[in-house]
1. Of all residues in region A:72-85, how many are open to solvent by 70 Å² or more (accessible area, probe 1.4 Å), part of a strand (DSSP E or B) and either over 14 Å from residue A:46 (Cβ atoms) or within 14 Å of chain B (Cβ to nearest Cβ) (or both)?
2. Within region A:66-81, take every residue that is within 19 Å of residue A:105 (Cα to Cα) and among the aliphatic types (A, V, I, L, M) and give me the one that is farthest from the chain's Cα centre (by Cα).
3. Could you tell me whether residue B:36 is closer than 20 Å to residue B:58 by Cα, of a type in the set (S, T, N, Q) and within 11 Å of chain A (Cβ to nearest Cβ)?
4. Could you check region A:50-70 and list, in sequence order, the residues that are part of a strand (DSSP E or B), of a type outside the set (Val, Ile, Thr) and modelled with pLDDT under 95?
5. With the requirement that a residue be farther than 20 Å from residue A:101 by Cβ and not polar (S, T, N, Q), what does region B:40-56 give you?
6. Go over the candidates A:27, A:32 one by one and state the one that is buried (at least 16 other Cβ atoms within 10 Å of the Cβ), closer than 18 Å to residue A:2 by Cα and hydrophobic (A, V, I, L, M, F, W, C).
7. Could you please give the count of residues in region A:86-111 that are touching a residue at least 40 places away in the same chain (Cβ under 8 Å) and either part of a strand (DSSP E or B) or away from chain B (no Cβ under 13 Å) (or both)?
8. How many residues does region B:18-32 contain that are out of contact with any Lys or Arg (no Cβ under 8 Å at 6 or more places or on another chain) and in a strand (DSSP E or B)?
Amino acid sequence: NAGVTQTPKFRILKIGQSMTLQCTQDMNHNYMYWYRQDPGMGLKLIYYSVGAGITDKGEVPNGYNVSRSTTEDFPLRLELAAPSQTSVYFCASSSTGDEQYFGPGTRLTVT
Amino acid sequence: KNEVEQSPQNLTAQEGEFITINCSYSVGISALHWLQQHPGGGIVSLFMLSSGKKKHGRLIATINIQEKHSSLHITASHPRDSAVYICALTGGSQGNLIFGKGTKLSVKP
């Protein structure tokens with residue numbers, strides 16, 4: 001099993017550009033999460049999903065959108081990138097909502 | 001006040017020392033997690049516990065539910081233990097984790 005994979009690993013965006021961060025898991029987990037990690041801060045929840053077709057907002061959803069058309073994939077969309085979205089993004093999955101498995105992260109810079 | 005407080009924020013130790021990292025929380029939880037984040041950035045789950053104590057190799061995690069406190073101990077520390085150790089709670093209604101800011105550990109040879 002590859003576990004949780006994320007692409008790309010690094011990306012530089014200009015202000016106002018759009019992009020999609022990809023996340024795929026091969027463990028047949030129902031729960032999937034997107035977190036962002038800013039320097040000196042704990043990870044914060046952006047969006048989550050408890051199964052295909054079901055998504056909901058977390059603590060910091062503004063500026064992001066998600067979809068969950070399959071169990072495996074949970075892409076995160078940035079529509080109009082802003083410098084405040086410069087961060088490291090982690091996708092995670094869980095079968096029961098308890099122990100979570102993390103992807104390697106995507107480092108995004110918006111300039 | 002943050003829901004999860006870790007101490008210390010930074011810790012430098014000599015190889016072989018016994019290390020303790022503390023986590024205090026202020027909300028009800030179903031489980032507490034200790035995670036390790038290496039300099040490369042990847043996050044790995046070390047422990048998930050809801051009571052008592054767990055041990056894996058040189059790592060020991062304890063939790064006191066009444067006092068809302070957990071500790072992570074590393075025995076016979078080694079430079080490869082250098083990482084950020086993160087305490088997180090399963091307390092969110094969505095099953096999401098609530099994270100502490102992490103403790104950066106550096107073990108010198």
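The values are calculated or read from the model by the stated rules, or taken from the named source; none is laboratory data. Remember, it's a predicted structure, so these values are computed and weren't measured experimentally. Neighbour counts are summed over all protein chains in view; Cβ atoms, including those assigned to glycine, are modelled from backbone coordinates with ideal geometry. Protein only, heavy atoms only, side chains kept; ligands, DNA and RNA dropped before computing areas. Shrake-Rupley method; radii C 1.70, N 1.55, O 1.52, S 1.80 Å.
1. Here the count works out to 0.
2. The selected residue is A:81.
3. On the way: closer than 20 Å to residue B:58 by Cα: yes; of a type in the set (S, T, N, Q): yes; within 11 Å of chain A (Cβ to nearest Cβ): yes.
Yes, satisfied.
4. Pass one, region A:50-70, residues part of a strand (DSSP E or B): A:50-51, A:54-57, A:64-66.
When the remaining residues are screened for being of a type outside the set (Val, Ile, Thr), the result is A:51, A:56-57, A:64-65.
Across region A:50-70, the qualifying residues are A:51, A:56, A:57.
5. Residues of region B:40-56 farther than 20 Å from residue A:101 by Cβ: B:51-53, B:55.
Once the filter is applied, which keeps residues that are farther than 20 Å from residue A:101 by Cβ and not polar (S, T, N, Q), region B:40-56 yields B:52, B:53, B:55.
6. Working: A:27 fails: buried (at least 16 other Cβ atoms within 10 Å of the Cβ).
It is A:32.
7. To start, the set of residues in region A:86-111 that are touching a residue at least 40 places away in the same chain (Cβ under 8 Å) comprises A:87-97, A:100-111.
Still in the running and either part of a strand (DSSP E or B) or away from chain B (no Cβ under 13 Å) (or both): A:87-94, A:101-102, A:106-111.
Of the residues in that region, 16 qualify.
8. 7
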